[in-house]
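Asker: Take a look at the following structure, please.
The values are calculated or read from the model by the stated rules, or taken from the named source; none is laboratory data. Just so we're clear, the structure is a prediction, and the values are computed from it rather than from any experiment. Positions of Cβ are generated from backbone atoms using ideal geometry, with glycine treated the same way; all protein chains shown enter the neighbour counts.
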Ligand code: RIB
Ligand code: CA
């Protein structure tokens, strides 16, 4: 079976970095056509820089990185330096990137790639706010039917919010963009906090990253050592939740995850619950299901896969 062609849309962020590394370490299963940066955890200039830092850490400067939207569709940008640090990649001391940004806007790269590749062969993997994806769909409606599917990290239902009482960060930053994507008709696989909060980097798991002994293994251990503070303080978690790597791991071993195909819609009116992913988990409405909303993960299997793959880089 040929590798799945994907575009990673991202706001690195330590967990984005691990997701990108996992994808780049898995060429038999995943062909990364390009990486598109979006403003989110930190401003666009930093997410575009961090994406290149990660490509260089993986030895993959062949992967084009494009800068995308620097703010949400209709709102001021909310960032998360309190979680990811001032640079967005606090923890390891990684060199500034030498590889340049690719010319052109990320949105145009998404559009041109979907038009150039065979319909139904490119999967979009958003790991941050959905601004780039929504902008591409608005600018070029013809590409929507050409998308194989979207596997994204975002949302929360039973786990409730991590940035407000009801909303998860990626969706809350740009709820209008999320609304466009969730109503697009594209097949969605959603990795919400409900599952990502079960993928925790406990100390033995972090020790296994460090024991890889490579620059990649040590950098990942140092990233998660930094990144775990927010969740340990807020939730009393036993380690950093690897939100975004759930997306990449799903592409490689979907059987590690279980969920339910339900209707999920985005709150865009109420300031109180803005950005909430309203999942009709019990089917109490006549709204058509539009997303596989994932709730469970085989965490030991997930970390075994991740550690084995990171050791390949
Ligand atoms: O809420 C978690 C999500 O927000 C992750 O994608 C993390 O990188 C941040 O973007
Ligand atoms: Ca992210």
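Asker: Looking only at residues that are touching a residue at least 60 places away in the same chain (Cβ under 8 Å) and away from ligand 2 (no atom under 16 Å from the Cβ) in segment 1-23, which one is nearest to residue 103 (Cα to Cα)?
Answerer: Only one residue tops the list, namely 5.
Asker: Right, something else. Which of the residues that make up segment 189-246 are surrounded by fewer than 24 Cβ atoms within 10 Å (Cβ to Cβ) and assigned to a loop (DSSP other than H, G, I, E, B)?
Answerer: The answer is 197, 198, 202, 213, 214, 236, 237, 238, 239.
Asker: How about segment 73-90: which of its residues are away from ligand 2 (no atom under 15 Å from the Cβ) and in contact with a helix residue (DSSP H, G or I) (Cβ under 7 Å, 6 or more places away or on another chain)?
Answerer: 73, 74, listed by residue number.
Asker: Counting only residues that are closer than 17 Å to residue 216 by Cα and either more than 12 Å from ligand 1 (Cβ to nearest atom) or surrounded by fewer than 23 Cβ atoms within 10 Å (Cβ to Cβ) (or both), which one in segment 1-50 is farthest from the chain's Cα centre (by Cα)? If you could, list the steps in order and put the result at the bottom.
Answerer: From segment 1-50, those closer than 17 Å to residue 216 by Cα are 12-27, 50; that's our starting set.
Filter once more, so that each one left must be either more than 12 Å from ligand 1 (Cβ to nearest atom) or surrounded by fewer than 23 Cβ atoms within 10 Å (Cβ to Cβ) (or both): 21-27.
Working: 21: 12, 22: 12, 23: 12, 24: 14, 25: 16, 26: 17, 27: 18 Å.
Only one residue fits best here, namely 27.
Asker: Okay, next question. What are the residue pairs meeting all of these: first residue in segment 187-206, first residue without any contact (Cβ under 8 Å) to a residue 40 or more places away in the chain, second residue outside any loop (DSSP other than H, G, I, E, B) and within 14 Å of ligand 1 (Cβ to nearest atom), Cβ atoms under 9 Å, and 6 or more apart or on different chains?
Answerer: Partner pairs satisfying both residue conditions: 206/224; 206/228; 206/240.
Asker: Condition test on residue 137, is it buried (at least 19 other Cβ atoms within 10 Å of the Cβ) and either touching a helix residue (DSSP H, G or I) at 6+ places or on another chain (Cβ under 8 Å) or without any contact (Cβ under 8 Å) to a residue 40 or more places away in the chain (or both)? Working first, answer last.
Answerer: Details: buried (at least 19 other Cβ atoms within 10 Å of the Cβ): yes; either touching a helix residue (DSSP H, G or I) at 6+ places or on another chain (Cβ under 8 Å) or without any contact (Cβ under 8 Å) to a residue 40 or more places away in the chain (or both): yes.
The answer is yes for residue 137.
Asker: In segment 168-188, how many residues are in a loop (DSSP other than H, G, I, E, B) and within 16 Å of the chain's Cα centre (by Cα)? Outline the logic, then answer.
Answerer: Taking segment 168-188 as the starting set, the residues that turn out to be in a loop (DSSP other than H, G, I, E, B) are 168, 174, 183-187.
Right, trim to within 16 Å of the chain's Cα centre (by Cα) and you get 168, 174.
Adding up the residues that qualify gives 2.
Asker: Six or more apart or on different chains, Cβ atoms under 9 Å: show the pairs whose first residue is in segment 78-89 and over 16 Å from residue 225 (Cβ atoms) and whose second is in a loop (DSSP other than H, G, I, E, B) and more than 12 Å from ligand 1 (Cβ to nearest atom).
Answerer: Partner pairs satisfying both residue conditions: 78/72; 79/43; 81/87; 81/90.
Asker: Now for a different question. Can you name every one of the helices (runs of 4 or more DSSP H) wholly within segment 18-123 that holds 2 or more residues which are in contact with a strand residue (DSSP E or B) (Cβ under 6 Å, 6 or more places away or on another chain) and under 26 Å from residue 178 (Cα atoms)?
Answerer: Numbers: elements: 44-57, 81-84, 106-116.
Of the helices (runs of 4 or more DSSP H) lying wholly inside segment 18-123, those with at least 2 residues that are in contact with a strand residue (DSSP E or B) (Cβ under 6 Å, 6 or more places away or on another chain) and under 26 Å from residue 178 (Cα atoms) span 44-57, 106-116.
Asker: Which is more than 16 Å from ligand 1 (Cβ to nearest atom) and at pLDDT 95 or above, of 137, 158?
Answerer: Details: 158 fails: more than 16 Å from ligand 1 (Cβ to nearest atom).
Going through 137, 158 in turn, just one is more than 16 Å from ligand 1 (Cβ to nearest atom) and at pLDDT 95 or above: 137.
Asker: Something else now. Kindly provide the set of residues from segment 142-174 that are within 16 Å of ligand 2 (Cβ to nearest atom), surrounded by fewer than 24 Cβ atoms within 10 Å (Cβ to Cβ) and in contact (Cβ under 8 Å) with a residue 40 or more places away in the chain, ordered by number. Spell out how you get there, then give the answer.
Answerer: So the first thing to find is which residues in segment 142-174 are within 16 Å of ligand 2 (Cβ to nearest atom), and the list is 150-156, 161-163, 167-174.
Subsequent filtering for residues that are surrounded by fewer than 24 Cβ atoms within 10 Å (Cβ to Cβ) retains 150, 161-163.
Matches in segment 142-174: 161, 162, 163.
Asker: Name the residues in segment 51-77 that are free of Cβ contacts under 8 Å to residues at least 60 places away in the same chain, more than 16 Å from ligand 1 (Cβ to nearest atom) and over 27 Å from residue 269 (Cβ atoms), would you? Walk me through how you get there before you give the answer.
Answerer: In the first step, residues of segment 51-77 are kept if they are free of Cβ contacts under 8 Å to residues at least 60 places away in the same chain; the result is 51-56, 60-67, 70, 76.
Right, trim to more than 16 Å from ligand 1 (Cβ to nearest atom) and you get 52, 55-56, 60-67, 76.
Across segment 51-77, the qualifying residues are 52, 55, 56, 60, 61, 62, 63, 64, 65, 66, 67.
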